[in-house]
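K.L.:
My questions all concern the structure below.
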Amino acid sequence: MLFTLVNDRRKADPMQFGIFSVGDIAPDPTTGYTQSEAERIDNLVRIAQRADEVGLDVFALGEHHNPPFVPSSPPTLLAHIAALTKRIILSTSVTLITTNDPVKLAEDYAMLQHVAKGRLDLMVGRGNTVPVYPWFGKDIRQGVALALENYNLLHRLWREDVVDWEGSFRTPLQGFTSTPRPLDDVPPFVWHGSIRTPEIAEQAAYYGNGYFANNVLAPNFHFKPLVEFYRDRFEHYGHGRREDAIVGLGGQAFIAKRSQDAVAAFRPYFEEYPIFKGSSLDDFMARTPLSVGSPQEVIDKTLTFQEGFGDYQRQLFALDGLALPVEMALEQVELLGTEVVPVLRKEMAARRAPGVPDAPTHASLVTAKYGEAEPRQPRPNPNRGDNLSGASPYQDSDPDSPARFPLAA
């Protein structure tokens, strides 16, 4: 069997390493074969399982609503993966905060957090598909405003038992309770993903949330100004030093035992893929964060991210796209988990400045909120047929924040 089972590491890690996928489909340039949607969905599950088995920390899935992408419902697929894995954190590499109703996001991902027993966090963003806005009844010209307002509401829905709210992009809420409440009354950690918008970095800093720079496709260190801006604003809002800001980076890699084998194997998948058609793999490797080579070469290039962006908490790699056959993708996950990440953990920890916070987990967030006390376990008040029998949704809800429902006409 190719993979090696790895003992569960129960201590906190300064860095989280993992993979992220957009679930794309394309013809294999070496065989002409195109996976069906059913095959691709099954293969995403296999890849997530392998990532768990080889000791990676995170599997993240991007939300898309158009061919050739299959992950239109990340909560559904991630819930299935949660049942088949043991320790890996499940995440999204984008949840469309613009075109999803924040009420539905609050409920879907709180439920998934329970199903995954806390092994969940969320990356919110605007995505990169223009037509998705009208498909969901939204105006792309309001994209940034939608992202800001919808997350502001989502933040409240996960922290207040009763929400009264009115905004510009959805109907008002009166006496609303999002159910279920987050596991242990601690919401999933949120990363704000952005590659071009300082307003999103500002919002991440305001709330003390994480900021994720995709770090693919663009020139090396193209995203550093936004990361630096986020760090400055994180400190401005009193969450700690700028070095304490929670930063994540993307990356793209293809690994083989020998460098020349990696380049030869990956070249047709890269240079024949539609968005890279006409590009030179060698030029792209030199100018962007793309890492193609031996495990040591991928390690060396990833260490330059730490030098350029400063200490950070999460590194995700895109490994399974560009029409790679699933067996090749599984081998990539194996090499990343067994030969690249163990060295990166050691090297990046040795170079890490004192006092930089560890990557957040559900356990660390529970400890930060409760210390040694038992976490809250909300217990609802009884039902009267269509809603609560009283104005308090839970037996321990704040009596100063009752639910006041609209009166019947």
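The values are calculated or read from the model by the stated rules, or taken from the named source; none is laboratory data. From a predicted model like this one, the values you see are computed outputs, not experimental measurements. Ideal geometry is used to build each Cβ from the backbone, glycine not excepted, and the neighbour counts take in all protein chains shown. When the accessible area is computed, the model is the full protein with side chains, heavy atoms only, and any ligands, DNA or RNA have been set aside. Shrake-Rupley method; radii C 1.70, N 1.55, O 1.52, S 1.80 Å.
K.L.:
For the stretch 221-280, enumerate the residues that are aromatic (F, W, Y) and under 13 Å from V292 (Cα atoms).
P.N.:
F254, F266, Y269, F270 - these are the residues of the stretch 221-280 that are aromatic (F, W, Y) and under 13 Å from V292 (Cα atoms).
K.L.:
Related question: Quick one: is E271 charged (D, E, K, R) and under 24 Å from the mean Cα position of the chain (by Cα)?
P.N.:
no
K.L.:
Can you tell me which residue is nearest to the chain's Cα centre (by Cα) among those in the stretch 28-78 that are open to solvent by 30 Å² or more (accessible area, probe 1.4 Å) and of a type in the set (V, I, T)?
P.N.:
Ranking the qualifying residues of the stretch 28-78, first place goes to T76.
K.L.:
So how many residues does the stretch 80-90 have that are without any contact (Cβ under 8 Å) to a residue 60 or more places away in the chain, open to solvent by less than 30 Å² (accessible area, probe 1.4 Å) and not in a loop (DSSP other than H, G, I, E, B)?
P.N.:
Result for the stretch 80-90: 3.
K.L.:
Scan the stretch 239-253 residue by residue and report those that are open to solvent by 10 Å² or more (accessible area, probe 1.4 Å) and farther than 13 Å from D311 by Cα.
P.N.:
Of everything in the stretch 239-253, those that are open to solvent by 10 Å² or more (accessible area, probe 1.4 Å) and farther than 13 Å from D311 by Cα turn out to be H239, G240, Q252.
K.L.:
Residues of the stretch 171-196 being farther than 15 Å from K104 by Cα, over 17 Å from the mean Cα position of the chain (by Cα) and of a type outside the set (G, A, S), which ones?
P.N.:
Q174, L183, D184, D185, V186, R196
K.L.:
A follow-up question, please. Can A318 be described as within 19 Å of I255 (Cβ to Cβ) and surrounded by 18 or more Cβ atoms within 10 Å (Cβ to Cβ)?
P.N.:
Answer is yes for this residue.
K.L.:
Evaluate the following for S397: is it under 20 Å from L173 (Cβ atoms) and modelled with pLDDT of 90 or more?
P.N.:
So S397 fits the description; yes.
K.L.:
Given the residues A264, A205, A218, which is the only one that is under 27 Å from G143 (Cα atoms), aliphatic (A, V, I, L, M) and surrounded by fewer than 20 Cβ atoms within 10 Å (Cβ to Cβ)? Break it down into steps so the answer makes sense when it comes.
P.N.:
On the way: A264 fails: under 27 Å from G143 (Cα atoms); A205 fails: surrounded by fewer than 20 Cβ atoms within 10 Å (Cβ to Cβ).
On inspection, the qualifying residue turns out to be A218.
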